[in-house]
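The values are calculated or read from the model by the stated rules, or taken from the named source; none is laboratory data. Small disclaimer: the values here were computed from a predicted structure and weren't measured. Heads up, the Cβs are rebuilt from the backbone with ideal geometry, glycines too, and the neighbour counts pull from every protein chain shown. Ligands, DNA and RNA are excluded from the accessible area calculation, which covers all protein heavy atoms including side chains. Shrake-Rupley method; radii C 1.70, N 1.55, O 1.52, S 1.80 Å.
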Amino acid sequence: QFRNDLGWAAPWGPEIAIAQFEKMEHLWAAGVADLRQAVVRAAPVYRADAKKELGVAQALLACIRSTIHVGKFYLLRGRLEKAGAGEQMRLLDEMETVAREELRNAREVLPAVRADSRLGYANSAGNEQIGVPRAGIYSAASIEKKIAQVERMLARELPALRERLRHAHGASR
């Protein structure tokens, strides 16, 4: 949750880890689509419970997608630092695309997380309490915070970086 690097991808490395998460995302998304159809076909007495389970599946899909997006963004960021002038703008464009995908991902899952109090809770490990809220880990509030952060990055931080790079490359010519 609080990492700003790709250390979580060890020992395989980020490219392999991201590729495996993409395979999982593809299969999980197909399962979510199937579950969505099951909700539509569910008998009315079961539909509300089925819809809640669909929300759980959607939340897990959003987590998988976030992992992919963060991994790709960090890879691109690392490449940007080492790239030549010609490649930096292309890498910034890719970073912006990934950030927009994550923004859409977060916005799409937010209603499901708001609708189900089971989401945003975590087991409290050795404590006798079960399901203690840990709002900072995964909750509507943490997703809203992410949305604001990504919006700020897209509106201010990436454009400012793009401008700095333009000036740096213009000054070197």
Self-check item: Protection-proxy order for peptides 51-64, 156-169, each taking the mean of Cβ atoms within 10 Å per residue, highest first
Solution: 51-64, 156-169
Practice problem: Compute the longest continuous run of the chain that contains no exposed chymotrypsin sites (Phe, Trp or Tyr not before Pro); treat a site as exposed when its DSSP state is not H, G, I, E or B and it has at most 11 other Cβ atoms within 10 Å. | Solution: 13-173
Quiz item: Based on the Kirkwood radius over alpha-carbon pairs, what is the Stokes-Einstein translational diffusion coefficient of the chain at 4 °C with 1.567 mPa s viscosity, in µm²/s?
Solution: 70 µm²/s
Exercise. Using the heavy atoms of the protein chains and a 1.4 angstrom probe, tell me the accessible area per residue for the chain in square angstrom.
Key: 64 Å²
Quiz item: What number, rounded to the nearest 500 deg cm²/dmol, is the helix-based mean residue ellipticity at 222 nm of the chain, given -39500 (n - 2.57) per DSSP H run of at least four residues and division by all its residues?
Solution: -25500 deg cm²/dmol
Quiz item: With every protein chain kept in the model, how would you rank 82, 72 by accessible area, 1.4 Å probe, largest at the top?
Solution: 82, 72
Quiz prompt | Computed Kirkwood radius, in angstrom, where 1/r is averaged over Cα pairs of the range 15-101 | solution = 15.0 Å
Quiz prompt | Stretchable slack from residue 158 to residue 5, in nm (0.36 nm times residue separation minus alpha-carbon distance) | solution = 53.3 nm
Self-check item: Simple label model, 7 Å out from Cα along Cβ direction - residue 82 to residue 19, nm
Solution: 1.8 nm
Self-check item: Pairwise label distance in nanometres, residue 148 with residue 60, each label 7 Å out on the Cα-Cβ vector
Solution: 3.1 nm
Quiz item: Just how many pairs of Lys in the chain have C-alpha atoms closer than 29 Å, counting pairs that are eight or more places apart or on different chains?
Solution: 14
Quiz prompt | Accessible-area composition of the chain, carbon plus sulfur, in percent [1.4 Å probe] | solution = 57 percent
